[in-house]
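The values are calculated or read from the model by the stated rules, or taken from the named source; none is laboratory data. Since we're looking at a predicted model, the values are computed, not measured. Because the Cβ atoms are built from the backbone with ideal geometry, glycine has one as well, and the counts that use them run over all protein chains shown.
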């Protein structure tokens with residue numbers, strides 16, 4: 001596995017070894033021992049979503065003590081994936097990083113606790129998969145407006161399909177981070 005750092009500390013891009021032949025391919029998408037040594041994260045829940053082109057989900061996170069680290073990847077299709085640093089003591093607080101994840105490039109994106117996360121589906125029938133370090137806890141879930149101007153995120157779309165809940169999310173300027 002190849003590991004790439006991003007400009008934001010602790011956000012990592014993981015590129016697994018893919019073995020291809022005339023039958024198709026094989027890859028190890030997760031290995032607790034290898035990933036735990038690298039990420040120091042114990043994943044307890046796997047989630048998967050199916051979305052059409054133009055669907056935007058985010059920017060979501062869970063507040064402490066139920067905050068989640070995530071390891072995300074695309075099984076089918078492609079997404080524009082974005083993480084926003086919510087760690088108050090971080091020099092990159094309020095900054096974001098974006099990456100294209102596809103079924104073809106097989107890249108995985110590690111998002112530690114203290115980040116909001118969202119993605120835009122770039123193809124119909126996109127299957128998005130993610131591992132979480134905490135179980136879902138609805139009372140701890142929070143959302144920041146995906147299109148908050150102060151975040152300066154270019155989602156590369158004007159009118160995405162968002163849930164009613166995401167459309168009514170709090171602005172970043174009204175947000176008080178629970179992350180140190």
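Listed values, structure above:
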quantity: Residue that is over 15 Å from residue 10 (Cα atoms), at pLDDT below 95 and touching a strand residue (DSSP E or B) at 6+ places or on another chain (Cβ under 9 Å), where the choices are 140, 129, 163, 170; calculated: 170
quantity: Counted residues, the stretch 15-49 - those being outside any loop (DSSP other than H, G, I, E, B) and over 23 Å from residue 135 (Cα atoms); calculated: 9
quantity: Residues being within 19 Å of residue 46 (Cα to Cα) and either in contact with a helix residue (DSSP H, G or I) (Cβ under 8 Å, 6 or more places away or on another chain) or touching a residue at least 40 places away in the same chain (Cβ under 8 Å) (or both) - total across the stretch 94-113; calculated: 8
quantity: Selection within the stretch 50-68 - in a strand (DSSP E or B) and either surrounded by 15 or more Cβ atoms within 10 Å (Cβ to Cβ) or under 12 Å from the mean Cα position of the chain (by Cα) (or both); calculated: 51, 55, 56, 57, 58, 59, 60, 61, 62
quantity: Failed condition for residue 150, given (1) over 14 Å from the mean Cα position of the chain (by Cα); (2) closer than 30 Å to residue 180 by Cβ; (3) not in a helix (DSSP H, G or I); calculated: (3)
